[in-house]
Amino acid sequence: MSRPILTAAQMRSAEAAAIAAGTPAAELMERAGAAAAEAIWRFAGPMPALVLCGPGNNGGDGYVVARHLAERGTKVRVAASAEPKTPEAQAARAAWPGVVEPLAEAEPAPLLVDALFGTGLARPLNGALSQRLRALADAARVRVAIDLPSGVATDDGVLLSPVPDFDLTIAFATLKSSHLLQPAARHMGRIVVADIGIAAESGLHEIERPKLRAPGPDDHKYSRGYVAVVSGRLGGASALAAEAALRAGAGYVRLNADNLLGRTARAVVQSGDLDALHDRRVGAVVAGPGLGLGDLEAGILNLVITSDIPAVLDADALTLIAETGGDWLHRAPRTPILTPHAGEFARLFPDLQGSKVEQARAGARASRAVVVYKGADTVVAAPDGRAAIARPGSAWLASAGTGDVL
């Protein structure tokens, strides 16, 4: 099952519900610190560590981490940016048997654990603290962030302050949006989620690796999926889309094209008629890559959108929709899928504000379509408000044609 993603406010509500149900806040902190120490031990081993603790509950988690690492035999030092302010963090510090150094005077260690600030940070770190964190991180061989790296906003991937690159980030209970949204996600390293006994439900989830069923003895080309790809003036782009559909598992791909320069070897290439739009065996139609932007292409797109076949629309199809105000989509009998990159999204949905998740949801509501907002972080949103974030994509996808394949 895909993992839920919570906002800072939702996480606070989930913690409050757990406390109201009988789990003391101090117990949640103990679980979090113990789970993080276990993850750090498995990741880095008994490496001498410096744990940086802030004044809130994230700092309290850090004191618990330090105690559990020390109990395993790790040489641990703790440095604090300020005195703990919450009762739970104060109790965690009191339970730490070692010295607490001023962060400004702390010497670096091979393993750095950042427990300064986590979920809910709303303002930049002060300049001196930010520079100190950077210096200690640069001097470490392994860097671990507790919950979120200090300086990262929780819900939108924004960097409130400069953030070092971490090797491991340990999230508590659930992922937060900034674990997967850029530019924050590039600083996380490996992400693990520690179960601390908090139930979490959300309309936002992480997209899992697809689970494609292998063909069985009763399968045939039509039962495995029949895809129609509508080509245009630049046939190579539609050929890439057709080949991708085959590689993704479709049993039959029909590529409608008159002049195909980038011919695909396995798709069935037919003349540029649109008979496939009347074939009840077709499960999806793809239109846009290499389509063109003239009146003829606009007419073709209108036929695709108003057919009773689910449509995946990209590239030139999105430009045509943006140029006409997008009213075509409201005539679609089946919910279409739009796959814009950032530039196409801005043309389709100008002036939308908020995080990438909020923008994708707003775009999906306005267009009554599923929106796949592509990029280094990809967000998928449905008109009913459900949304999901994909794991960060490979930077090698930054080349011509990968959008047509996706």
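The values are calculated or read from the model by the stated rules, or taken from the named source; none is laboratory data. Since we're looking at a predicted model, the values are computed, not measured. Neighbour counts run over all protein chains shown; Cβ positions are idealised from the backbone, glycine included. These accessible areas exclude ligands, DNA and RNA; they are computed on the full protein's heavy atoms, side chains included. Shrake-Rupley method; radii C 1.70, N 1.55, O 1.52, S 1.80 Å.
It is to be established whether one or more residues within segment 7-28 are touching a Cys at 6+ places or on another chain (Cβ under 9 Å), closer than 21 Å to Pro149 by Cα and outside any loop (DSSP other than H, G, I, E, B). I'd like the intermediate steps shown before the answer.
Here is the first cut: in segment 7-28, the residues touching a Cys at 6+ places or on another chain (Cβ under 9 Å) are none.
No - not one qualifying residue is present in segment 7-28.
Among the listed residues Gly325, Gly343, identify the single one that is farther than 29 Å from Asp155 by Cα and without any contact (Cβ under 8 Å) to a residue 24 or more places away in the chain.
Going through Gly325, Gly343 in turn, just one is farther than 29 Å from Asp155 by Cα and without any contact (Cβ under 8 Å) to a residue 24 or more places away in the chain: Gly325.
If you go through segment 106-132, how many residues are crowded, with 24+ Cβ neighbours inside 10 Å and out of contact with any Asp or Glu (no Cβ under 7 Å at 6 or more places or on another chain)? So the answer is 7. Remark: pairs (first residue in segment 47-58, among the β-branched types (Val, Ile, Thr); second residue open to solvent by less than 10 Å² (accessible area, probe 1.4 Å); Cβ separation under 7 Å; 6+ apart in sequence or on different chains) = Val51/Gly62; Val51/Val65; Val51/Ala66; Val51/Val78; Val51/Val113; Val51/Ala115.
Scanning segment 353-363 for residues that are surrounded by fewer than 22 Cβ atoms within 10 Å (Cβ to Cβ) and either at pLDDT 95 or above or within 17 Å of the chain's Cα centre (by Cα) (or both) yields Gly354, Ser355, Glu358, Gln359, Ala362. Output yes when any residue across segment 113-130 is of a type outside the set (D, E, K, R), farther than 21 Å from Trp41 by Cα, part of a strand (DSSP E or B) and at pLDDT 95 or above, and no when none is. Within segment 113-130 (the criterion being of a type outside the set (D, E, K, R), farther than 21 Å from Trp41 by Cα, part of a strand (DSSP E or B) and at pLDDT 95 or above), the answer is no, since none of the residues qualifies.
Of all residues being farther than 16 Å from Val312 by Cβ and touching a residue at least 24 places away in the same chain (Cβ under 8 Å) in segment 364-378, which is least open to solvent (accessible area, probe 1.4 Å)? Just the residue, please. Let's see the steps before the verdict.
Restricting attention to segment 364-378, the residues satisfying the condition of being farther than 16 Å from Val312 by Cβ are 365-366, 375-377.
Retained after the next criterion (residues that are touching a residue at least 24 places away in the same chain (Cβ under 8 Å)): 366, 375-377.
Working: Ala366: 60, Gly375: 43, Ala376: 56, Asp377: 14 Å².
Ranking the qualifying residues of segment 364-378, first place goes to Asp377.
Conditions tested, residue by residue: (1) closer than 21 Å to Ala153 by Cβ; (2) among the β-branched types (Val, Ile, Thr); (3) open to solvent by 10 Å² or more (accessible area, probe 1.4 Å).
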residue: Thr7; (1), (2), (3): yes, yes, yes
residue: Glu15; (1), (2), (3): yes, no, yes
residue: Ala25; (1), (2), (3): no, no, yes
residue: Gly33; (1), (2), (3): no, no, no
residue: Phe43; (1), (2), (3): no, no, yes
residue: Pro46; (1), (2), (3): no, no, yes
residue: Ala66; (1), (2), (3): no, no, no
residue: Lys85; (1), (2), (3): yes, no, yes
residue: Ala89; (1), (2), (3): no, no, no
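Criterion first (over 31 Å from the mean Cα position of the chain (by Cα) and assigned to a loop (DSSP other than H, G, I, E, B)) does Pro55 satisfy it? Even if it seems obvious, please write down each step before you answer.
Working: over 31 Å from the mean Cα position of the chain (by Cα): no; assigned to a loop (DSSP other than H, G, I, E, B): yes.
For Pro55, the condition - over 31 Å from the mean Cα position of the chain (by Cα) and assigned to a loop (DSSP other than H, G, I, E, B) - is not met.
Look at segment 95-105 and say how many of its residues are closer than 10 Å to Val78 by Cα, open to solvent by less than 70 Å² (accessible area, probe 1.4 Å) and not in a strand (DSSP E or B).
Taking segment 95-105 and keeping what is closer than 10 Å to Val78 by Cα, we get 96, 98-103.
Going one step further and asking which of them are open to solvent by less than 70 Å² (accessible area, probe 1.4 Å), we end up with 96, 98, 100-103.
Going one step further and asking which of them are not in a strand (DSSP E or B), we end up with 96, 98, 103.
Total satisfying the criteria: 3.
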